[in-house]
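**Student:** Have a look at this one before I ask anything.
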Amino acid sequence: MTFLIQQTLLFAIPLMIVALAGVFSERSGIINLALEGIMIMGAFVGVLAVRILQGVPAFQQAAEAVSSFNAGTGEASSAWVTLQGMEILCMLIAAVAGAIFSLLLSYASINMKADQTIGGTALNLLAPAISLFLIRIIVNQNTMGMAGGAGGASWFLIRKTFFGVGANEDMGFLGNTFLDKTYLATYLTILLFVLMSVILYKTRFGLRVRSCGENPQAAASLGINVYKMRYAGVTISGALAGMGGFVYALTTQGCTTNGDVAGFGFLALAVMIFGNWKPLNIALGALLFGLFKCIAASYATLDINADGHFLLNEIGISSYIYRLLPYVITLIVLALTSKSSRAPKAEGIPYDKGMR
Amino acid sequence: MNKSPLLKKAGTQKLLASLLSILIGLFFGSLLVLIVGLTTSNIGGKGAWDGIRLIFIGLFSKSRDAAGNLVFGINTTNIGNMLFRATPLIMTGLSVAISQKTGLFNIGAPGQYLMGTMVTLMIALSIPSTAVPPFVIWILAFLGGCLAGALWGSIPGMLKAFLNINEVIACIMTNWIAANLVTWLFDIARFSTIKGAFYCQTKWKIADGTFKNLIENTKSGYIYKTTWNNVATPKLGLDKLFPGSQVNAGILVAILIAVAVFIIINKTTFGFQLKACGSNRHAARYAGIKDRANIIYSMAIAGALAAAGASLYYLSGNTEFNWHTDQTLPAIGFNGIPVALLAMNNPVGVIFSGIFMAMLNIIGTQLTKFTAYNEYITDVIIAVIVYLSAFSLALRTLIAGKKKTVVANDANAEKKPAAPPAPKDAKETTPPADAKTEKGGAQA
């Protein structure tokens, strides 16, 4: 059960934050089909930042202290904190990269009034191309990990020893599930999810962004700068998606990147629609999708009620079925709720001052 | 700006806008090559110059001479391979173009392509060529593939027509469903229950009745080539014309289909109805056109075309299919979008833009072969071209010389893609031994 919850969270959290990224953009009136591309860019830049920061002596010493502490010698509490700080720094760098990359989409769709779907598709093509081109030049292969072959887990994974609990002691169900073998990034992302949802729904700024996605002409008549608000929406969207991409690469891929996030950006779009553009529904949808991803990845060794039987494996359903189920469910939900589904009214329509 | 009557024609402006996008794309690619070359110690200025020359005239590169300089000239192998790779690109390009005519954005071409691949291969491999003439199997496999694509394409079409679900979202969902479905079906499918008893000619014996190639150890993860069952597209002497290449009659089939689509769109009532629905669905309905039916037809035809591309590609006899597609979608499907955009959705134009896209593909392999760069630079160029196509209207007004201010705006647009930071600490840059494992194109 512990394993199931942990794995589900690992898959669900990046989905959740990227889906919220989609909400920010669409609520401001711009369809962000480029979530996948922005995630790839964020993952690439984030992992690159980790590689470069690995060369900094302070971080190197911290990593050595932690590894020797795990082996049973020495004191490492400040070293833990240093490494977690490095993780946060890389998350921020990935967010900035995502924000800058998303400017391409805002420029095309806001200033040039271009087709947003095609603009987004261009970004989806550009991100893997650029990152793979550079990855191949940097490491001479298609997957870039951390320098020196270190795994992301050995540097950033929080273990029970971090809390002063011995390696052989039990932390109880809650401790084992939510503290041992977790990433700080997961919890920061949840925090950010709540914070950004509050900003979008409870502040004046959020209301203004949303008004631009519903009726930009009315918003403009009240003195709101629609261009600025749409730029803000897409840029925040880019930052969240870029960070989500890095969190995905760090927590589920062991801090490696290969110009691909296995369709997570598109899955996030599905979650967004599934959640009807509302944060709480999105969180639930992301958990559901995360659960399916987790089952598909590890159903053969999943012992749900700890009785020694791998129940899902014994049922004999292929992992590919579990993988395609979320997409089928999304289509069915879309079909059933198409009448009541409430997409932002003005999404996809370039803002034209003259159209009142 | 020259304001001759020729420049005022819509067709000329479209053509010039496309050519301008291509040029800007190539220049941006060259710029990236130059920056990376100058900042990477073991490439340097000379390596960058080689890379830039290959980007522009890589189709005519032949080899390096003893002194290490690039040799250029007519390279028939490259040209033949270009035509071979253009075949599926023309088909997926047509698929995207015809849906655009009806106002739909068919981003589902990868899924339709995969469904076509699966049905084509299953038919081509499971009918024994000892009992049925190979050309009959070829036709059955081709038509079966098209039918599968048409059915798969009509799903988003129906969702759009009856429930008004955005076809882009529906297409993306069906893409990933297809990716997992195809992998799953190839995993479990058997075409013979009698173990080791299935003979096709005397050439081969299927080990356990699956489609997975278990005979050649080096081909794990691949489906058998159709030539195992003696099914392959005829060469029609094209291999003599372009010795050493993989070209076959598929390219002629693709060109014929493109011309047929052109005639249907522009010269028939059906084509007119499709376009009418694209211009204004409600007005079309008011005029008595069945808008729902036309949306479904349009997506079904688009699906059939994308799947036909897959059929032509995998029936060639040169290509193998890696059946583990659950995590990736075929790039050929997505590249149908730039092909259609560059051709401004003109079916005959798609022939040329498809060949151009295939040329970029060849340039990519030449870059990997002869320089420290790799083939992904051509994907960057394609992405820049798509990005520019997104505001092709602005480019066209620029060419027509109506709005001079657009010039300044566009200049900014070109600089922006450079924003993602270029890393500068490349370590080893010898050409990789095992580059990207290509799904198709493995030589027989």
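The values are calculated or read from the model by the stated rules, or taken from the named source; none is laboratory data. Remember, predicted model here, so these are calculated numbers, not experimental data. All Cβ positions, even for glycine, are placed from backbone atoms using ideal geometry, and neighbour counts span all protein chains on display. Protein only, heavy atoms only, side chains kept; ligands, DNA and RNA dropped before computing areas. Shrake-Rupley method; radii C 1.70, N 1.55, O 1.52, S 1.80 Å.
**Student:** Of everything in the stretch A:146-164, what is free of Cβ contacts under 8 Å to residues at least 40 places away in the same chain, in a loop (DSSP other than H, G, I, E, B) and small (Gly, Ala, Ser)? Give them in sequence order.
**Tutor:** A:GLY164
Every residue, every condition in (1) in contact (Cβ under 8 Å) with a residue 24 or more places away in the chain; (2) in contact with a Lys or Arg (Cβ under 7 Å, 6 or more places away or on another chain), yes or no:
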residue	(1), (2)
B:LEU34	no, no
B:THR40	yes, no
B:GLY45	no, no
B:ASP50	yes, no
B:LYS62	no, no
B:LEU70	yes, yes
B:ILE79	yes, no
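**Student:** Oh, and also: Go through the residues of the stretch A:65-88 one by one and say whether even a single one is in contact (Cβ under 8 Å) with a residue 24 or more places away in the chain, in a helix (DSSP H, G or I), closer than 18 Å to A:ALA239 by Cα and within 11 Å of chain B (Cβ to nearest Cβ).
**Tutor:** Checked against the condition, which is being in contact (Cβ under 8 Å) with a residue 24 or more places away in the chain, in a helix (DSSP H, G or I), closer than 18 Å to A:ALA239 by Cα and within 11 Å of chain B (Cβ to nearest Cβ), the stretch A:65-88 yields no hits at all.
**Student:** Another question, then. Name the residue, out of B:SER61, B:SER95, B:SER99, that is open to solvent by less than 10 Å² (accessible area, probe 1.4 Å) and either on the phi > 0 side of the Ramachandran plot or touching a strand residue (DSSP E or B) at 6+ places or on another chain (Cβ under 6 Å) (or both).
**Tutor:** Numbers: B:SER95 fails: either on the phi > 0 side of the Ramachandran plot or touching a strand residue (DSSP E or B) at 6+ places or on another chain (Cβ under 6 Å) (or both); B:SER99 fails: either on the phi > 0 side of the Ramachandran plot or touching a strand residue (DSSP E or B) at 6+ places or on another chain (Cβ under 6 Å) (or both).
Selected residue: B:SER61, the only one of B:SER61, B:SER95, B:SER99 that is open to solvent by less than 10 Å² (accessible area, probe 1.4 Å) and either on the phi > 0 side of the Ramachandran plot or touching a strand residue (DSSP E or B) at 6+ places or on another chain (Cβ under 6 Å) (or both).
**Student:** Against the definition (within 28 Å of A:ASN142 (Cβ to Cβ) and without any contact (Cβ under 8 Å) to a residue 24 or more places away in the chain), how does A:ILE40 come out, yes or no? Walk me through how you get there before you give the answer.
**Tutor:** Working: within 28 Å of A:ASN142 (Cβ to Cβ): yes; without any contact (Cβ under 8 Å) to a residue 24 or more places away in the chain: no.
No: the conditions fail for A:ILE40.
**Student:** Identify the single condition in (1) facing another protein chain (nearest Cβ under 7 Å); (2) open to solvent by 10 Å² or more (accessible area, probe 1.4 Å) that A:PHE162 does not satisfy, given that it satisfies every other one.
**Tutor:** So the condition that A:PHE162 fails would be (1).
**Student:** What are the residues in the stretch A:257-275 that are over 10 Å from A:VAL23 (Cα atoms), at the interface with chain B (Cβ under 8 Å from one of its Cβ atoms), open to solvent by 10 Å² or more (accessible area, probe 1.4 Å) and assigned to a helix (DSSP H, G or I), if any?
**Tutor:** Once the filter is applied, which keeps residues that are over 10 Å from A:VAL23 (Cα atoms), at the interface with chain B (Cβ under 8 Å from one of its Cβ atoms), open to solvent by 10 Å² or more (accessible area, probe 1.4 Å) and assigned to a helix (DSSP H, G or I), the stretch A:257-275 yields only A:PHE266.
**Student:** Using beta carbons and a limit of 6 Å, which pairs, at least six apart or on different chains, have the first residue in the stretch B:298-314 and over 16 Å from B:VAL231 (Cα atoms) and assigned by TED's automatic domain parsing to the domain that holds B:LEU140 and the second one of a type in the set (S, T, N, Q) and surrounded by fewer than 24 Cβ atoms within 10 Å (Cβ to Cβ)?
**Tutor:** Correct list of pairs: B:MET299/B:SER154; B:ALA300/B:SER154.
**Student:** A further question on this structure: Take A:TYR231 and tell me if it is surrounded by fewer than 22 Cβ atoms within 10 Å (Cβ to Cβ), closer than 22 Å to A:ALA99 by Cβ and not basic (Lys, Arg).
**Tutor:** Details: surrounded by fewer than 22 Cβ atoms within 10 Å (Cβ to Cβ): yes; closer than 22 Å to A:ALA99 by Cβ: yes; not basic (Lys, Arg): yes.
Considered against the rule, which asks whether it is surrounded by fewer than 22 Cβ atoms within 10 Å (Cβ to Cβ), closer than 22 Å to A:ALA99 by Cβ and not basic (Lys, Arg), A:TYR231 comes out as yes.
**Student:** A further question follows. Got a sec? Which of A:ILE93, A:ILE110, A:ILE40, A:ILE100 is over 16 Å from the mean Cα position of the chain (by Cα), within 11 Å of another protein chain (Cβ to nearest Cβ) and of a type in the set (Val, Ile, Thr)? Outline the logic, then answer.
**Tutor:** Details: A:ILE93 fails: over 16 Å from the mean Cα position of the chain (by Cα); A:ILE110 fails: within 11 Å of another protein chain (Cβ to nearest Cβ); A:ILE40 fails: over 16 Å from the mean Cα position of the chain (by Cα).
Of A:ILE93, A:ILE110, A:ILE40, A:ILE100, the one residue that is over 16 Å from the mean Cα position of the chain (by Cα), within 11 Å of another protein chain (Cβ to nearest Cβ) and of a type in the set (Val, Ile, Thr) is A:ILE100.
To keep it simple, each residue is scored yes or no on (1) part of a helix (DSSP H, G or I); (2) more than 14 Å from chain A (Cβ to nearest Cβ); (3) surrounded by fewer than 24 Cβ atoms within 10 Å (Cβ to Cβ); (4) of a type in the set (A, V, I, L, M).
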| residue | (1), (2), (3), (4) |
| --- | --- |
| B:ILE107 | no, no, no, yes |
| B:PRO110 | yes, no, no, no |
| B:TYR113 | yes, yes, no, no |
| B:THR117 | yes, yes, no, no |
| B:ALA124 | yes, yes, no, yes |
| B:THR130 | no, yes, yes, no |
| B:TRP138 | yes, yes, yes, no |
| B:ALA148 | yes, yes, no, yes |
| B:GLY153 | yes, yes, no, no |
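**Student:** Just give me the residues in the stretch A:165-175 being open to solvent by 40 Å² or more (accessible area, probe 1.4 Å) and assigned to a helix (DSSP H, G or I), in sequence order. Spell out how you get there, then give the answer.
**Tutor:** Here is the first cut: in the stretch A:165-175, the residues open to solvent by 40 Å² or more (accessible area, probe 1.4 Å) are A:167-171, A:173-174.
Correct list: A:PHE173, A:LEU174.
**Student:** Within the bounds of the stretch A:226-249, is there any residue that is without any contact (Cβ under 8 Å) to a residue 12 or more places away in the chain and of a type in the set (Gly, Ala, Ser)?
**Tutor:** Looking only at the stretch A:226-249, we keep the residues that are without any contact (Cβ under 8 Å) to a residue 12 or more places away in the chain, and these are A:228.
Filter again for of a type in the set (Gly, Ala, Ser), leaving none.
Checked the stretch A:226-249: no residue is without any contact (Cβ under 8 Å) to a residue 12 or more places away in the chain and of a type in the set (Gly, Ala, Ser).
**Student:** Could I ask something else about it? Given the stretch B:167-275, what helices (runs of 4 or more DSSP H) lie entirely inside it while holding 1 or more residues that are at pLDDT 75 or above and under 20 Å from the mean Cα position of the chain (by Cα)? It would help to see each step written out before you state the result.
**Tutor:** Values: elements: B:167-188, B:238-241, B:250-267.
Ranges flagged: B:167-188, B:250-267.
**Student:** Here is a follow-up. Any idea which of A:VAL45, A:VAL23 is within 12 Å of chain B (Cβ to nearest Cβ) and either in contact with a Phe, Trp or Tyr (Cβ under 7 Å, 6 or more places away or on another chain) or modelled with pLDDT of 85 or more (or both)? Please lay out each step first, then the result.
**Tutor:** On the way: A:VAL23 fails: within 12 Å of chain B (Cβ to nearest Cβ).
It is A:VAL45.
**Student:** Would you confirm whether or not the stretch B:111-123 contains a residue that is closer than 28 Å to B:ALA293 by Cβ and in contact with an Asp or Glu (Cβ under 9 Å, 6 or more places away or on another chain)?
**Tutor:** Within the stretch B:111-123, not a single residue is closer than 28 Å to B:ALA293 by Cβ and in contact with an Asp or Glu (Cβ under 9 Å, 6 or more places away or on another chain).
**Student:** Now for a different question. Tally up the residues in the stretch B:299-335 that are within 11 Å of chain A (Cβ to nearest Cβ) and farther than 21 Å from B:MET122 by Cα, please.
**Tutor:** Summing the residues that are within 11 Å of chain A (Cβ to nearest Cβ) and farther than 21 Å from B:MET122 by Cα in the stretch B:299-335 gives 4.
**Student:** Check off (1) assigned to a loop (DSSP other than H, G, I, E, B); (2) open to solvent by 50 Å² or more (accessible area, probe 1.4 Å) for A:LEU92 and give me the number that stays unchecked.
**Tutor:** Of the numbered conditions (1) assigned to a loop (DSSP other than H, G, I, E, B); (2) open to solvent by 50 Å² or more (accessible area, probe 1.4 Å), the odd one out for A:LEU92 is (1).
**Student:** Tally the residues that are surrounded by fewer than 19 Cβ atoms within 10 Å (Cβ to Cβ) and either over 19 Å from B:VAL384 (Cβ atoms) or not assigned by TED's automatic domain parsing to the domain that holds B:VAL380 (or both), restricting the search to the stretch B:21-46.
**Tutor:** 7
**Student:** Is it fair to say B:ASP50 is surrounded by fewer than 16 Cβ atoms within 10 Å (Cβ to Cβ) and either closer than 18 Å to B:ILE257 by Cβ or not assigned by TED's automatic domain parsing to the domain that holds B:LYS160 (or both)? Steps first, answer last, please.
**Tutor:** Numbers: surrounded by fewer than 16 Cβ atoms within 10 Å (Cβ to Cβ): no; either closer than 18 Å to B:ILE257 by Cβ or not assigned by TED's automatic domain parsing to the domain that holds B:LYS160 (or both): yes.
Taking the combined requirement at face value, the residue does not satisfy it.
**Student:** For B:VAL339, indicate whether it is within 29 Å of B:ILE123 (Cβ to Cβ), over 17 Å from the mean Cα position of the chain (by Cα), touching a residue at least 60 places away in the same chain (Cβ under 8 Å) and open to solvent by less than 50 Å² (accessible area, probe 1.4 Å).
**Tutor:** Details: within 29 Å of B:ILE123 (Cβ to Cβ): yes; over 17 Å from the mean Cα position of the chain (by Cα): no; touching a residue at least 60 places away in the same chain (Cβ under 8 Å): yes; open to solvent by less than 50 Å² (accessible area, probe 1.4 Å): yes.
No: the conditions fail for B:VAL339.
**Student:** With A:ALA114, A:ALA97, A:ALA127 as the choices, which residue is open to solvent by less than 30 Å² (accessible area, probe 1.4 Å) and in a loop (DSSP other than H, G, I, E, B)?
**Tutor:** Values: A:ALA97 fails: in a loop (DSSP other than H, G, I, E, B); A:ALA127 fails: in a loop (DSSP other than H, G, I, E, B).
One residue alone meets the criteria, A:ALA114.
**Student:** What is the number of the single condition among (1) open to solvent by 30 Å² or more (accessible area, probe 1.4 Å); (2) under 26 Å from B:ALA260 (Cβ atoms) that B:ASN322 does not meet?
**Tutor:** Only one criterion is unmet by B:ASN322, namely (2).
**Student:** Got at least one residue in the stretch B:365-388 being free of Cβ contacts under 8 Å to residues at least 40 places away in the same chain and not in a helix (DSSP H, G or I)?
**Tutor:** no
**Student:** Are any of the residues in the stretch A:132-145 open to solvent by 10 Å² or more (accessible area, probe 1.4 Å), more than 8 Å from chain B (Cβ to nearest Cβ) and either among the charged types (D, E, K, R) or not in a helix (DSSP H, G or I) (or both)?
**Tutor:** Checking the stretch A:132-145: at least one residue is open to solvent by 10 Å² or more (accessible area, probe 1.4 Å), more than 8 Å from chain B (Cβ to nearest Cβ) and either among the charged types (D, E, K, R) or not in a helix (DSSP H, G or I) (or both).
**Student:** If I filter the stretch B:311-329 for residues that are among the hydrophobic types (A, V, I, L, M, F, W, C), within 20 Å of B:TYR224 (Cβ to Cβ) and in contact with a strand residue (DSSP E or B) (Cβ under 9 Å, 6 or more places away or on another chain), do I get at least one hit?
**Tutor:** Going through the stretch B:311-329, the residues among the hydrophobic types (A, V, I, L, M, F, W, C) turn out to be B:312, B:315, B:321, B:323, B:329.
Subset that is within 20 Å of B:TYR224 (Cβ to Cβ): B:312, B:315, B:321, B:323.
With in contact with a strand residue (DSSP E or B) (Cβ under 9 Å, 6 or more places away or on another chain) added as a condition, the list becomes B:321, B:323.
Yes, the stretch B:311-329 has at least one match.
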